[in-house]
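My structure is below; once you've seen it, I'll send some questions.
Read-outs: derived from the displayed coordinates by stated rules, not from any lab. Predicted model only: the values in this text are computed from it and were never measured. FYI the Cβ positions are ideal-geometry reconstructions off the backbone, even for glycines, and counts take in every protein chain you see.
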Amino acid sequence: MNDWYMLTLVGEDRPGIVAAVTQALYEQGMTLGEASMLRLGGNFTVMIMVGGAEDAGQIRQALAGVVERFGLRMHVDPMAGGLHQHLAPNVLVRVVGADRAGIVAQVTGRLAAAGMNILDLDSDVAGTAEQPIYVMQIAGISETPLEQLEEALQDLTQSGVDVTIEPVETLVG
Amino acid sequence: MAVLEILKAPDPRLRQPASEVTTFDDELRAFVDDLEETRLHGPGAVGIAAPQVDRLQRVVIVDCSHTRKPVPNHGHLVLINPEITEWEGHEIGREGCLSVPDYTGNVFRASRIRLTAQDLEGRHQEFDMEGYEARAVQHEIDHLDGLLFLDRVVSRRTDLFQRKTYRKAGEPAG
Ligand SMILES: [Zn+2]
């Protein structure tokens with residue numbers, strides 16, 4: 001059981017999907033690795049590392065009933081890598097501002113150019129339909145001093161977007 | 001001096017409450033030396049608690065004087081029978097644990113605490129702590145009560161929505 005598959009399921013959010021999916025995998029003797037379920041735009045989305053399968057087809061077969069019952073779309077890929085490969089971020093970037101096109105590309109582009117490796121990005125639109133507020137959190141690893149990251153984002157700050165950058169010091173005890 | 005074995009979750013011994021120290025003798029001091037050597041042996045731990053090395057006594061070591069960015073701290077502390085008497089505010093921070101390899105998560109802790117403890121001679125002490133050092137002490141005292149940071153981890157989405165104030169870079173955590 002050293003090969004992992006990346007299972008992606010997307011669909012309308014309804015109660016019981018995760019339970020049905022994991023039960024079906026369990027019944028076929030498959031195991032779960034890391035998983036992340038999120039509601040995006042009211043939709044159910046989940047990505048799960050699945051182990052213990054002969055091939056991708058076996059996973060699709062195991063989930064065929066659940067996929068049909070809940071009206072999900074399914075994607076299964078063999079994947080490189082595995083468990084125990086966590087990286088701890090050392091920088092957290094927060095972006096808050098009026099929603100406008102291109103903001104993610106501008107922020108991430110500047111961060112990449114400044115040498116930051118993004119591990120985790122969470123972006124959302126808060127506020128109301130008339131007055132949307134854009135909220136984004138980016139955690140990553142950067143050897144570049146924070147001051148230089150700040151400098152790289154400075155012109156965005158001047159254009160009405162609030163950007164804060166702070167170090168993340170993981171406490172081990 | 002010796003490097004002691006660190007118990008790893010889900011070892012049930014990490015889940016037991018530790019008892020108070022009543023005897024302040026050479027044996028205790030020798031143990032604290034070993035505990036310190038064990039703390040320094042691993043990768044960059046700012047604290048360690050006696051139950052992590054299978055000694056169910058209320059003894060912890062905390063040292064926040066060597067962080068990447070300097071933080072307010074009281075230097076190297078051996079805290080016997082530590083007790084938090086006051087809490088104030090709360091903030092989120094990222095934690096890991098010598099007893100939980102290869103996992104880190106976000107945890108809410110009190111921003112400021114008042115702490116009483118005894119030193120290795122049994123003398124009573126009091127500290128006002130904030131931020132990172134206060135977090136370290138709360139993490140270690142949890143070990144004395146059979147708790148792990150895993151019991152308090154919140155999802156990153158929780159972090160996003162619960163943090164209501166957006167600080168400018170450079171301002172103190174709070
Ligand atoms: Zn710990």
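Round to the nearest 0.05 the FRET efficiency obtained for residue A:101 and residue B:154 when R0 = 30 Å and r is the Cβ-Cβ distance. Before the final figure, lay out each step's value.
Details: r = 32 Å, r/R0 = 1.06.
It comes out at approximately 0.40.
Moving on. Using the Cα centre of the protein assembly as shown as the reference point, and only Cβ charges (+1 on K/R, -1 on D/E), how large is the resulting charge dipole? Debye, rounded to the nearest 20. Each step should come with its number before you reach the end.
Values: 30 positive and 52 negative charges, 226 e Å.
In total the dipole reaches around 1080 debye.
While we're here: Evaluate the relative contact order of chain B (contact order divided by residue number), counting alpha-carbon pairs under 8 angstrom at least 6 apart; express in whole percent.
That works out to 23 percent.
I'd like the Kirkwood hydrodynamic radius of chain A, using the inverse of the mean 1/r over distinct C-alpha pairs, in Å.
Values: mean 1/r = 0.0537 Å⁻¹.
When all Cα pairs of chain A are included, the Kirkwood radius is 18.6 Å.
Let me ask you something else. Once you have the alpha carbon radius of gyration of segment A:4-79, what is it after dividing by 2.2 N^0.38 Å, with N set to its residue count?
Details: Rg = 11.3 Å, N = 76, 2.2 N^0.38 = 11.4 Å.
Normalised by 2.2 N^0.38 Å, the Cα Rg of segment A:4-79 equals 0.99.
Then there is this: Quick one: grab the alpha carbon gyration tensor of the protein assembly as shown, order the square roots of its eigenvalues as a ≥ b ≥ c, and give me rounded if a/c is under 1.5, else prolate or oblate depending on whether a/b is larger than b/c. Don't skip to the answer; put the middle values down first.
Numbers: a/c = 2.28, a/b = 1.37, b/c = 1.67.
It comes out oblate by the Cα gyration axes.
Calculate the dipole size of segment A:17-173 relative to its Cα centre from +1 charges on Lys and Arg beta carbons and -1 charges on Asp and Glu beta carbons; express the result in debye to the nearest 20. Show your work: numbers first, answer last.
Working: 7 positive and 19 negative charges, 112 e Å.
In total the dipole reaches around 540 debye.
When a footprinting reagent is the concern and you count Cβ atoms within 10 Å, what order do A:141, B:48, B:113 take, fewest first? Working shown, then result.
Details: A:141 15, B:48 29, B:113 22.
Placing the least packed residue first, the sequence is A:141, B:113, B:48.
Give me the distance between the Cα centres of segment B:9-32 and segment B:93-152, rounded to whole Å.
Value for the Cα centre distance between the two parts: 16 Å.
Under a point-charge model restricted to the Cβ atoms of Lys and Arg (+1) and Asp and Glu (-1), what is the dipole moment magnitude of chain B relative to its Cα centre, in debye to the nearest 20?
Numbers: 22 positive and 30 negative charges, 245 e Å.
So the magnitude is around 1180 debye.
Report relative contact order for segment A:56-155 in percent, whole number only (criteria: Cα-Cα under 8 Å, sequence separation at least 6).
On the way: 111 pairs, mean separation 29.2, N = 100.
Rounded, it is 29 percent for segment A:56-155.
Would you please give the FRET efficiency between residue A:38 and residue A:147, computed as 1/(1 + (r/R0)^6) with r the Cβ-Cβ distance and R0 = 51 Å, to the nearest 0.05?
Values: r = 33 Å, r/R0 = 0.65.
After rounding, the FRET efficiency stands at 0.95.
Return a whole-number percent for the relative contact order of chain A, with Cα pairs under 8 Å and 6 or more residues apart as the contact set. Present the calculation step by step, with values, prior to reporting the outcome.
Numbers: 293 pairs, mean separation 39.4, N = 173.
Averaging sequence separation for qualifying contacts and normalising by length gives 23 percent for chain A.
Now, a different point. If R₀ is 30 angstrom, what is the calculated FRET efficiency for the pair residue A:69 and residue A:121, using the beta carbon separation as r and rounding to 0.05? Spell out each step's value before the answer.
Working: r = 32 Å, r/R0 = 1.07.
Step by step, r from the Cβ atoms, then E = 0.40.
Another question about this same structure. Of the options B:117, B:81, B:14, report the single residue whose Cα projects farthest towards the positive end of the charge dipole of chain B (beta-carbon charges: Lys, Arg +1; Asp, Glu -1).
Of the candidates, B:14 comes out farthest on the positive side.
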